[in-house]
Amino acid sequence: NSVIHIVRCRLDLAASQAAFYRISLEESVVRLNTDTWLCRLKDGIDGGLPQHVGTWSHHVGSWLEWPHRALLVRYEDLLADTVKELKRIVDFLGMEWNEALALEVVEQTSFRSLQKQEQTKGYGESPLWCSQFFRQGKAGNWRSTLPPQLARDICQKHGEMMRRIGYGAEVDEVMAG
């Protein structure tokens, strides 16, 4: 049993989640800071069944403590060097690396390509209320969208986990104010 867990900086996740669920940034921060948060995608792919999510730190930590093989992949690293991260994933899976195929996969699954596909064909996993699943796909956007107090609330609650998985510079930036 193996798992590949893709994680995104908690600060960027606040704005992304707010847009996805059509809620305020404040509500997004509260949801991902709440231990007992239940996610229910009405009219979505899960049939409206409640799913216990817990806090972002709890969720990420549960995958880090997975008793089997696990590979943590940061979304920001995928954006920065998609081919390098894809190679890590292929190596982790014990598959043979094919450079030409990898470049084709990277092109077909680029954020811009996925946005185009969604515009022309739709996106089957998108909940009915979601008009655009592939919204921006940027790293570090929290700096222009997240109010400083909400960023501090996130870092106070999740700073330890953020540091553990490589987001220490972001925590330091927020806490330095």
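The values are calculated or read from the model by the stated rules, or taken from the named source; none is laboratory data. Because the structure is predicted, anything quoted here is derived from the model rather than measured. Heads up, the Cβs are rebuilt from the backbone with ideal geometry, glycines too, and the neighbour counts pull from every protein chain shown. Surface accessibility is based on the protein's heavy atoms, side chains included, excluding ligands, DNA and RNA. Shrake-Rupley method; radii C 1.70, N 1.55, O 1.52, S 1.80 Å.
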Taking only pairs six or more apart or across chains, which ones have beta-carbon atoms under 8 Å, a first residue in region 1-24 that is of a type in the set (Lys, Arg), and a second residue that is open to solvent by 50 Å² or more (accessible area, probe 1.4 Å)? Arg22/Trp129
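If you check Ala19 against the conditions, is it hydrophobic (A, V, I, L, M, F, W, C), more than 20 Å from Cys155 (Cα to Cα) and modelled with pLDDT of 80 or more? Talk me through it step by step, then tell me what you get.
Details: hydrophobic (A, V, I, L, M, F, W, C): yes; more than 20 Å from Cys155 (Cα to Cα): yes; modelled with pLDDT of 80 or more: no.
The answer is no for Ala19.
Taking Ser110 as the residue in question, decide whether it is at pLDDT 85 or above, hydroxyl-bearing (Ser, Thr, Tyr), closer than 24 Å to Trp142 by Cβ and open to solvent by less than 90 Å² (accessible area, probe 1.4 Å). If you could, list the steps in order and put the result at the bottom.
Working: at pLDDT 85 or above: no; hydroxyl-bearing (Ser, Thr, Tyr): yes; closer than 24 Å to Trp142 by Cβ: yes; open to solvent by less than 90 Å² (accessible area, probe 1.4 Å): yes.
Answer is no for this residue.
Hey, any hits in region 31-45 for a residue that's modelled with pLDDT of 85 or more, open to solvent by less than 60 Å² (accessible area, probe 1.4 Å) and of a type in the set (A, V, I, L, M, F, W, C)?
No, the conditions are met nowhere in region 31-45.
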I'd like to verify a number: residues in region 114-144 that are open to solvent by 50 Å² or more (accessible area, probe 1.4 Å) and either modelled with pLDDT of 95 or more or more than 18 Å from Val7 (Cα to Cα) (or both), how many? 14
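Residue under question is Glu104, and the condition is that it be under 17 Å from Ala19 (Cα atoms) and either out of contact with any helix residue (DSSP H, G or I) (no Cβ under 8 Å at 6 or more places or on another chain) or modelled with pLDDT of 90 or more (or both); does it hold?
The answer is no for Glu104.
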